[in-house]
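Enquirer: What follows is a structure written as structure tokens; I'll ask about it next.
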Amino acid sequence: FTPAFLDQLQHPAGALRNALKEADATCDWAPTVPVRIYHAAGDLDVPVANAEFCRRALTERGAAAEVVQLGGMEHGESMGVALPLVLDQFAAR
């Protein structure tokens with residue numbers, strides 16, 4: 001990453017700021033059903049801090065939310081492992 005890129009991430013403006021603000025609002029609601037957020041320790045695309053942030057935000061709004069660790073796999077592989085777990089959760093409702 002260039003210094004200019006890193007500076008822009010630390011001090012976003014314009015379209016980047018708007019996109020980041022919208023993405024930050026993803027967990028600004030209060031679901032009435034339990035929520036599981038899946039994460040893989042080997043995921044280099046999405047840091048576990050994102051999952052923990054969302055869990056905390058949902059919990060603060062009264063939701064039952066948990067982060068489920070899938071192991072050391074990478075992002076693409078984790079989707080294939082998480083999807084059947086998500087479908088099982090829906091089927092149990």
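Enquirer: Collect the residues in region 40-62 that are part of a helix (DSSP H, G or I) and either of a type in the set (A, V, I, L, M, F, W, C) or closer than 12 Å to residue 77 by Cβ (or both), keeping them in residue-number order.
Expert: Initial filter on region 40-62 (part of a helix (DSSP H, G or I)): 48-60.
Scanning region 40-62 gives 48, 49, 51, 53, 54, 57, 58.
Enquirer: Same structure, new question: Can you tell me which condition residue 37 does not meet? The list is (1) in a strand (DSSP E or B); (2) open to solvent by 40 Å² or more (accessible area, probe 1.4 Å); (3) hydrophobic (A, V, I, L, M, F, W, C), and all the others hold.
Expert: Exception for residue 37: condition (2).
Enquirer: Looking only at region 10-33, count how many residues are assigned to a helix (DSSP H, G or I) and touching a helix residue (DSSP H, G or I) at 6+ places or on another chain (Cβ under 8 Å).
Expert: The total comes to 3.
Enquirer: Looking at this structure, is residue 33 touching a His at 6+ places or on another chain (Cβ under 9 Å), at pLDDT below 95 and within 30 Å of residue 88 (Cα to Cα)? Quick ask: steps written out before the conclusion?
Expert: Numbers: touching a His at 6+ places or on another chain (Cβ under 9 Å): no; at pLDDT below 95: yes; within 30 Å of residue 88 (Cα to Cα): yes.
The answer is no for residue 33.
Enquirer: Oh, and also: Within region 8-27, track down each residue that is charged (D, E, K, R) and surrounded by 11 or more Cβ atoms within 10 Å (Cβ to Cβ). Write out each step before concluding.
Expert: Here is the first cut: in region 8-27, the ones charged (D, E, K, R) are 17, 21-22, 24.
The answer is 17, 24.
Enquirer: For the subset of region 67-82 comprising residues that are within 15 Å of the chain's Cα centre (by Cα) and open to solvent by 70 Å² or more (accessible area, probe 1.4 Å), which member is modelled with the highest pLDDT?
Expert: Within region 67-82, the first condition is being within 15 Å of the chain's Cα centre (by Cα), and the residues that meet it are 67-70, 74-76, 78-79, 82.
Next, only the ones that are open to solvent by 70 Å² or more (accessible area, probe 1.4 Å) stay: 69, 74, 79.
Values: 69: 97, 74: 94, 79: 93.
Ranking the qualifying residues of region 67-82, first place goes to 69.
The values are calculated or read from the model by the stated rules, or taken from the named source; none is laboratory data. Bear in mind the structure is a predicted one, so any value in this text is a computation, not a measurement. Note: ideal-geometry Cβ built from the backbone for every residue, glycine included; neighbour counts use all protein chains shown. Ligands, DNA and RNA are stripped out before the accessible areas are found, and what is left, the full protein with its side chains, is counted by its heavy atoms. Shrake-Rupley method; radii C 1.70, N 1.55, O 1.52, S 1.80 Å.
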